[in-house]
Every structure is written in structure tokens, then in C-alpha cells.
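The structure under discussion appears below in the form of C-alpha cells.
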Amino acid sequence: MKSVPTMTCAELRQYDARAIAGGIPGIVLMESAARGACDLLLAQKVTGPVGVVVGKGNNGGDGLVIARHLVDRGYRTHVELLVDPAAFVGDALLAYRAAAFVNVPFHSAWTDASTMCGRLASCEWIVDAILGTGSTGPARKPMSDAIRIINQAGKRVLAIDLPSGLDGDVGTAHEPTIHANLTATFVAMKKGFLSKEAPNYLGEVHVIPIGAGNPFVPTSTPPEISDRLA
């Protein structure tokens, strides 16, 4: 793993910003990332139900897109919402609306995460879409409760971008942190993944491109429309 190029969380945010400025909408980046993660999950020969645990922000948005694709492909799937849908904004809000449009089953767990226990008990896989690279410090309720419940459920876990609770830059595992079997990380390995502590939580890591170019190769500046039409 140490020979693999890495990026910091700030560098990855800059990469996303450049892609958006270059003409790739944020929702397209989210769709590409989540679809790649969904494909990775289904490559594990999933047969049973999947529970997708969703927090606020774009990490939660990724989870909502994954749930939509799973339902669209006929897999038994439900979403555990750790945030009131009224709090979704931007691309995460678009992802929520699209998931609702295809009748993804939602369960409200933001006031009492313990209600998740029984529903997750029937799942074969759990998707951790709780906290992403923008999170710092230990998780707060109800996210912290949800992380503990997932860890205690005894199910296989796919972490989206990084296990919730793990610092992407330094690799510190806050209390609590998801113990994943698989991590679908986007664009590049996170710098913190190389710490001695991180592999205990990451499981098998797969780097998924999001259709915005190699982050280690300079991109060209898009010409003005008038120039392209000349």
C-alpha cells in the first residue's frame, strides 16, 4: 500500500472543485462515485437485504444514490436516515429526491438510532454512508450510536470513501469508528490510510474513479464556448 499515491482530504476537495469548474456537475461526480461503489458491492455476490445508513452531506448523498441503484436492480434495500430529510441540501438533496422517486424504503433513525437494530439484523450487508472526509473529531449522536450499532450487528460492512470515525488525513480512529470489510474510496487513497491504525478499520480498499480524470495528471483548461465554435 505504501507505494500507492495518496491525497489529503483538502486536495480531494480541490480536485472536486476543479472538476465542477471544468464543467462536470457535482451530482454527476456523486452519481459516478456511488455507482462504482454499488458495482463493487454487487461484485461480492450479494443475495440478502442491504441496509444503507445515511448521514448528512455528500457522504450521505452517495449512500442514497447507492440505495437507488440497488432498488433499481431488484435488491432488497432500505435506508436508515440519521438526519431529517429537511436538512439535505445541494447534491445530497437531489440524491434524496431521486431515491424517493424510485420508492427506496426510508426509516427515520435520527431521533433514536436504536430503532435500527432490528432492521439491520436481517441484512446481509450494511453500507456505511454516515461521515465522509469533511468530518473532524469523534462522531456525535445519533451518528456515534449508529456506528456502535453497526459494529455490534455482526454483518459485512461496506464503508463509503472511508469508515465513519476514521480521520482521512492522519489515520486516527476516533471512538467509535466503523470496522469495515470493504472500503470504496474515491479518486485516490487517503493519506491517513497509510497509518498503522487505519488498516484495522478499512478492510479491503478499492479506489474508484469518478470520471473527472487522473488526479496526478494535470488537466487542461476548457476553452471558451466561442473558441470551440470558431
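Taken together, the values in this text are just the output of simple stated rules run on the coordinates, not laboratory data. Everything numeric here is computed off the predicted structure, so don't read it as measured data. Glycine also receives a Cβ, built like all others from the backbone with ideal geometry; neighbour counts cover every protein chain displayed.
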>> Give me the percent relative contact order of the chain, please, defined on Cα pairs under 8 angstrom at least 6 residues apart.
In response: 21 percent
> Relative to the Cα centre, what is the charge dipole magnitude of the chain, using +1 at the beta carbon of each Lys and Arg, -1 at the beta carbon of each Asp and Glu, and rounding to the nearest 20 debye?
Replying inline: 340 debye
> Taking one equal scatterer on every alpha-carbon of the chain, how large is log10 of I(q)/I(0) by Debye at q = 0.18 1/Å?
Replying inline: -1.35
> To the nearest 10 degrees, how steeply does helix 26-42 sit against the main Cα axis of the chain, on a 0 to 90 scale?
Replying inline: 50 degrees
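R0 = 25 Å: FRET efficiency of ILE20 with VAL207, Cβ-based, nearest 0.05?
Plugging the Cβ-Cβ distance into 1/(1 + (r/R0)^6) gives 0.75.
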> So what's the convex hull volume per residue for the Cα atoms of the stretch 78-207, in Å³?
Replying inline: 111 Å³
> How much mean residue ellipticity at 222 nm does the chain get from its helices, if each DSSP H run of length 4 or more adds -39500 (n - 2.57) and you divide by all residues, to the nearest 500 deg cm²/dmol?
Replying inline: -10500 deg cm²/dmol
> From the residues MET143, CYS123, PHE106, which one has its Cα farthest along the dipole of the chain in the positive direction, the dipole being from +1 and -1 charges on Cβ of Lys/Arg and Asp/Glu about the Cα centre?
Replying inline: CYS123
> Want the number for THR172 to ASN103: 0.36 nm per residue separation, take away the alpha-carbon distance, what's left?
Replying inline: 21.1 nm
>> List the lysines whose Cα sits under 25 Å from the Cα of LYS56, skipping any in the same chain fewer than 8 residues away.
In response: LYS141, LYS155, LYS190, LYS191
> Roughly how big is the stretch 97-230's charge dipole about its Cα centre, with Cβ charges of +1 (Lys, Arg) and -1 (Asp, Glu), in debye to the nearest 20?
Replying inline: 220 debye
